[in-house]
């Protein structure tokens, strides 16, 4: 739903509402050897229930469920307070509810209470379950469920002080809440879970408490305040300077589970984030520019609950970002060339574990440098084109120290390309749009990328083509402002490929007797055809 309201005198409101629900199995994330063995059709999940040595169901693809619901609401309001003063107020809300898990079942019996959080006297013993002759008792579907609530608001005040200065001040606030649980759901006699949405049919202890393999509640209030001045200090020169302060607090409550004791922990992250930019207009079509900014990325909330040494003190990732470039613009064509240099400190490697939960690695200092080229424009007879090229050298600056059975091992990561960052990317697209119909055809070339920090394993590059077409439907403009019927074909030629790293490893090779294991990769989608109808009100 996209609704726009013009209140007159420069005051507008735009309401956007989106809801999405999926009810499907988890996609398999494959190792390189699995993909080479069976391609995208390789399925590590058994198609029929697999039984363990005790006669109980141990693995079944019907347990690899990935249901999810999301809702997003954004209200973008713009108010003209005076000829030189404008206020923007944008409240928003995001809600997510879903779970993901692999194909394994999880045992639960009277002896499962490792931390004394639950009273499991209402459950039979493992021996009693094993002797009952059923393959589905005593083992359960245990999804990793995540529920997220994220209300927030962004406000900006733009003040054109005079012909030389334009000032913006702003404030952003969000209070995110996240509940992460692992309930136990009974299995039917055919091995399927009684419910894939864990709102009912879950197991409780003798006191009626819902039994959890994980039960964590995180509140993350975050805020950012900033001020920026744009100074037109000469006819062809513009200087932009700003300063922001960002503060993020994570408050974690571990309610306790079969493996964890109840505990509360919190951590706060804050930084001053300056930015500066300079633009020089050579002539009507050519512009030179430079920008420098500092950014911060806070660790994931799991650091509040990880009992590993120093987890609670994990540092936020910070970076200084430099861009130097040239931009050419005329009526029918735009050209741009940009050199970039990003200096990271405490670079985070984001990956996911087998349950889809984030797990980060601090890779230390990393320098990204490279070049971006863009060329786009209009052709005769309603045709258009776009092409871009990016070269990125993501160089790790430190050797990484890992621990194996208490022994420190130094991995040779210094000088290596950062994982999941291709050096070369090239994209090109040709399109047609006459106001009644449109069409696009394009492709993207991506070079190889590494799945680990020591660069012992990589996946090859790929070239993927996509096709799109659409019709702008005639509407009365009174209730429906515009409507478009769209057809998209992704991966037009059905290329079989790995699309990126899902689980990054420190080292896929062996060093001093230690190997972190095989990286897991996202399997590229097969040829996919989608038809959609979009309308604005």
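The values are calculated or read from the model by the stated rules, or taken from the named source; none is laboratory data. As the structure is a computational prediction, the values presented were derived from the model and not from experiment. Methodologically, a virtual Cβ is constructed for each residue, glycine included, from the backbone with ideal geometry; neighbour enumeration extends over all protein chains shown.
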Item to check | Of all residues making up the range 109-145, the number that are in contact (Cβ under 8 Å) with a residue 60 or more places away in the chain and under 30 Å from residue 74 (Cα atoms) | outcome: 1
Item to check | Selection count where residues are in a strand (DSSP E or B), more than 30 Å from residue 132 (Cβ to Cβ) and without any contact (Cβ under 8 Å) to a residue 40 or more places away in the chain, scope the range 3-56 | outcome: 4
Next on the checklist: Test of understanding: among 57, 63, which residue is at pLDDT 95 or above, farther than 22 Å from residue 161 by Cα and buried (at least 16 other Cβ atoms within 10 Å of the Cβ)?
Outcome noted: 57
Item to check | Residue satisfying all of: in the range 436-489; touching a residue at least 60 places away in the same chain (Cβ under 8 Å) and within 28 Å of the chain's Cα centre (by Cα); farthest from residue 530 (Cα to Cα) among these | outcome: 453
Next on the checklist: Taking the conditions exactly as written (assigned by TED's automatic domain parsing to the domain that holds residue 391 and under 25 Å from residue 391 (Cβ atoms)), does residue 468 satisfy them or not?
Outcome noted: no
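Conditions (1) part of a strand (DSSP E or B); (2) over 24 Å from the mean Cα position of the chain (by Cα); (3) farther than 30 Å from residue 108 by Cβ, marked per residue:
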| position | (1), (2), (3) |
| --- | --- |
| 257 | no, yes, no |
| 271 | yes, no, yes |
| 280 | yes, yes, yes |
| 291 | yes, yes, yes |
| 303 | no, no, no |
| 321 | yes, no, yes |
| 331 | no, yes, yes |
Next on the checklist: residue 257 - would you say it is farther than 25 Å from residue 155 by Cβ, free of Cβ contacts under 8 Å to residues at least 12 places away in the same chain and not assigned by TED's automatic domain parsing to the domain that holds residue 323?
Outcome noted: no
Checklist entry - Name the residues in the range 466-491 that are part of a loop (DSSP other than H, G, I, E, B) and farther than 19 Å from residue 447 by Cα, would you? => result 474, 475, 476, 477, 478, 479, 480, 481
Checklist entry - Assuming residue 315 fulfils every condition listed in (1) outside any strand (DSSP E or B); (2) surrounded by 16 or more Cβ atoms within 10 Å (Cβ to Cβ); (3) within 25 Å of the chain's Cα centre (by Cα) apart from one, which condition is it? => result (2)
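The rows are residues; the columns are (1) crowded, with 16+ Cβ neighbours inside 10 Å; (2) part of a loop (DSSP other than H, G, I, E, B); (3) touching a helix residue (DSSP H, G or I) at 6+ places or on another chain (Cβ under 8 Å); (4) modelled with pLDDT of 95 or more.
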{"position": "386", "(1), (2), (3), (4)": "yes, no, no, yes"}
{"position": "390", "(1), (2), (3), (4)": "yes, no, no, yes"}
{"position": "394", "(1), (2), (3), (4)": "yes, no, no, yes"}
{"position": "403", "(1), (2), (3), (4)": "no, no, no, no"}
{"position": "420", "(1), (2), (3), (4)": "yes, yes, no, yes"}
{"position": "432", "(1), (2), (3), (4)": "no, no, no, yes"}
Item to check | Total residues in the range 166-191, condition surrounded by fewer than 17 Cβ atoms within 10 Å (Cβ to Cβ) and either touching a helix residue (DSSP H, G or I) at 6+ places or on another chain (Cβ under 9 Å) or under 23 Å from residue 255 (Cβ atoms) (or both) | outcome: 5
Item to check | Subset of the range 497-515 [over 20 Å from residue 448 (Cβ atoms) and touching a residue at least 60 places away in the same chain (Cβ under 8 Å)] | outcome: 511, 512, 513, 514
Next on the checklist: What's the number of the only condition in (1) touching a helix residue (DSSP H, G or I) at 6+ places or on another chain (Cβ under 7 Å); (2) surrounded by fewer than 16 Cβ atoms within 10 Å (Cβ to Cβ) that residue 463 fails to meet?
Outcome noted: (1)
Checklist entry - Going through the range 192-203 one residue at a time, which ones are part of a strand (DSSP E or B) and exposed (fewer than 15 other Cβ atoms within 10 Å of the Cβ)? => result none
Checklist entry - If you scan the range 113-139, which residues turn out to be closer than 19 Å to residue 52 by Cβ and either in contact with a strand residue (DSSP E or B) (Cβ under 9 Å, 6 or more places away or on another chain) or outside the structural domain of residue 51 (by TED's automatic domain parsing) (or both)? => result 126, 129, 135, 136, 137, 138, 139
Checklist outcome for this item: Reported set for the range 89-110 where residues are over 18 Å from the mean Cα position of the chain (by Cα) and farther than 14 Å from residue 61 by Cβ is 89, 90, 91, 92, 106, 107, 108, 109, 110
Item to check | Flag if residue 315 is at pLDDT 95 or above and touching a strand residue (DSSP E or B) at 6+ places or on another chain (Cβ under 8 Å) | outcome: no
Checklist entry - Limited to the range 239-268, what total is found for residues that are surrounded by fewer than 18 Cβ atoms within 10 Å (Cβ to Cβ) and farther than 30 Å from residue 119 by Cα? => result 8
Checklist entry - Does the range 224-246 contain any residue that is within 28 Å of residue 103 (Cβ to Cβ), assigned to a strand (DSSP E or B) and at pLDDT 95 or above? => result no
